Amino acid sequence: MQRLNELSASEIARRIAAGETTSEAVIRACLARIRTREPIVHAWSGFDPDAALRQARERDRSPPRGPLHGVPIGVKDIIDTADMPTEMGSPIYRGHRPRSDDSCVALVRAAGAVILGKTVTTEFANIEPGATTNPHNSAHTPGGSSSGSAAGIADFMVPLAFGTQTGGSVLRPASFCGIIGYKPSFGLVNRAGIKPSAESLDTIGLMARTIDDVELLAKVLLNRAPSRLDDLAAAPRIGLCRTFLWPTANPETVAAIDDAATRLAASGAAPHEVVLPDEFAGLNEAREAIGNYELARAMAWEWSHHREQISEGLRRSIKLGLDMPYETFAAALRLADRCRAELNAAFGDNDVLLAPAVTGEAPRGLTSTGDPRLQGLWTLLYVPTITLPTHKGPNGLPVGIQLVGRLYDDEGLLRAARWVMARLGG
């Protein structure tokens with residue numbers, strides 16, 4: 001029998017609405033799991049058990065507020081919360097208390113969610129890792145920068161969490177930890193209340209263990225009706241896009257993509273090769289240029305007043321951005337615009353693309369969060385992407401696959417993801 005903390009958010013919401021359990025009982029189950037596992041996983045930068053229980057009791061006493069009534073959720077610690085600190089993985093902001101919630105937090109509260117706590121982020125959602133470990137093997141990275149959100153969900157501490165992605169910060173940790181990570185089309189989810197990293201790229205992402213839960217959360221944020229498997233009577237048209245980064249893929253990622261393509265073909269999808277135009281090979285260099293240039297300006301106050309409290313790696317990125325000529329930045333923006341304009345033609349008749357999500361299993365060690373390039377090129381293209389926990393590598397660690405949708409066709413992406421998960425399991 002599943003413990004309450006192991007249930008999906010959708011099932012928790014259903015049981016609370018039906019009177020089969022209470023929000024307090026669910027929160028107590030999550031807190032018990034956190035007490036047991038947090039000394040190993042380190043998913044949380046801050047949470048107050050008493051405050052979480054107070055929220056839960058208030059939900060149990062009040063009429064239903066919305067679809068997330070009584071459901072716990074984690075919030076990445078660059079996203080503002082009015083009732084707990086937002087520290088951004090940096091000593092500069094230790095104890096920092098915002099006056100208001102981020103838009104996404106305010107919306108889920110209004111829908112009845114219980115904010116369980118703040119999840120660990122890398123420093124300012126950039127390259128310096130936090131304390132979080134991979135819940136499948138604590139000697140391996142959980143990925144980043146949404147480290148705590150992915151690890152907390154994978155370890156059954158919480159069913160839902162927010163992440164953010166500027167390069168690969170939702171999909172990579174989701175893939176490494178074996179959960180679902182969904183990066184919506186750029187700009188769909190309002191970002192009011194997050195510390196910017198690169199405003200041309202930053203996207204709030206949704207993390208969960210089921211597609212139902214991703215869509216439940218998307219419904220609250222976007223007023224978008226969830227898809228159903230029977231919405232897609234026929235197999236989706238899937239293109240197999242290995243990308244120009246295919247040589248970086250480890251054997252386990254090669255095996256995952258080849259196996260997925262074979263099994264989906266047997267189910268009627270028949271993926272066929274899609275080759276991106278040569279110009280797309282410059283996208284990751286362009287993304288890095290845009291990221292560093294915009295980061296340097298987003299961090300101008302911290303650079304001027306607290307430079308000694310910024311990690312060496314982040315200082316290097318800021319310095320690169322400060323020294324970058326405007327012409328380099330503008331050229332990167334123009335390349336991104338051209339590639340976005342060409343992407344629909346590259347899609348051809350396909351509904352979605354199947355692509356590698358990560359180079360392989362989560363690397364051993366906690367000094368790096370892994371290679372973001374297989375996720376980052378799609379981030380720059382602004383299209384919606386999702387990673388699905390379908391495969392494992394030689395060490396038994398998760399290896400996700402990635403589906404890529406057309407810009408603003410997030411519904412089509414999630415419908416296809418349902419169809420794929422029904423056939424690949426995981």
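Checking the table LYS118/LYS183; LYS183/LYS392; LYS76/LYS219; LYS319/LYS392 against a 29 Å threshold on Cα-Cα, which pairs fail?
Working: LYS118/LYS183 20 Å; LYS183/LYS392 22 Å; LYS76/LYS219 20 Å; LYS319/LYS392 39 Å.
The answer is LYS319/LYS392.
Compute the Cα gyration tensor for region 332-423, then decide on rounded, prolate or oblate, letting a ≥ b ≥ c be the square roots of its eigenvalues: rounded whenever a/c is under 1.5, prolate when a/b is larger than b/c in the other cases, and oblate in all that remain.
Numbers: a/c = 2.88, a/b = 1.33, b/c = 2.17.
Oblate.
Could you sort 266-275, 285-294, 111-120 so that the peptide with the highest average Cβ count within 10 Å comes first and the rest follow in order?
Working: 266-275: 14.9, 285-294: 22.0, 111-120: 26.7.
Ranked by mean Cβ neighbours within 10 Å, highest first: 111-120, 285-294, 266-275.
Pick from GLY187, GLY400, GLY143: which is most flexible by mean-square fluctuation in a GNM of the chain where alpha carbon atoms under 10 Å apart are linked?
The residue with the greatest mean-square fluctuation here is GLY187.
Kindly rank 321-330, 308-317, 76-85 from highest to lowest mean number of other beta carbons found within 10 Å of each residue.
Numbers: 321-330: 13.6, 308-317: 15.2, 76-85: 23.2.
Final packing ranking: 76-85, 308-317, 321-330.
What spacing in nm lies between the two simple spin-label points modelled at ALA17 and ARG316, each 7 Å away from Cα in the Cβ direction?
Taking the simple label geometry, ALA17 and ARG316 are separated by 5.0 nm.
Among LEU107, HIS136, LEU160, whose Cα sits farthest toward the positive end of the charge dipole of region 47-197 (+1 at Cβ of Lys/Arg, -1 at Cβ of Asp/Glu, about the Cα centre)?
Result: LEU107.
Can you give the helix-only mean residue ellipticity at 222 nm for the chain, where every DSSP H stretch with n ≥ 4 adds -39500 (n - 2.57) and the sum goes over all residues, rounded to the nearest 500 deg cm²/dmol?
That calculation yields -12500 deg cm²/dmol at 222 nm.
Rounded to the nearest 20 Debye, what is the dipole magnitude of the chain about its Cα centre when Lys and Arg each give +1 and Asp and Glu each give -1 at the C-beta? Show your work: numbers first, answer last.
Details: 45 positive and 48 negative charges, 182 e Å.
Using Cβ point charges on Lys, Arg, Asp and Glu, the chain gives about 880 debye.
Between SER62, SER169, SER45, where does the largest GNM mean-square fluctuation fall for the chain, given springs only between Cα atoms within less than 10 Å?
SER62
What order do you get for 335-343, 387-395 when each peptide is scored by the mean count of other beta carbon atoms within 10 Å, highest first? Kindly include the intermediate steps, with their values, before the conclusion.
Numbers: 335-343: 16.3, 387-395: 20.6.
Ranked from most to least packed, the peptides come out as 387-395, 335-343.
Every number in this text was worked out from the coordinates using simple rules, so none of it is lab data. This structure is a prediction, so every number in the text was calculated from the model and none was measured. When we count neighbours, we look across all protein chains shown, and the Cβ atoms used for this are built from the backbone with ideal geometry, even at glycine.
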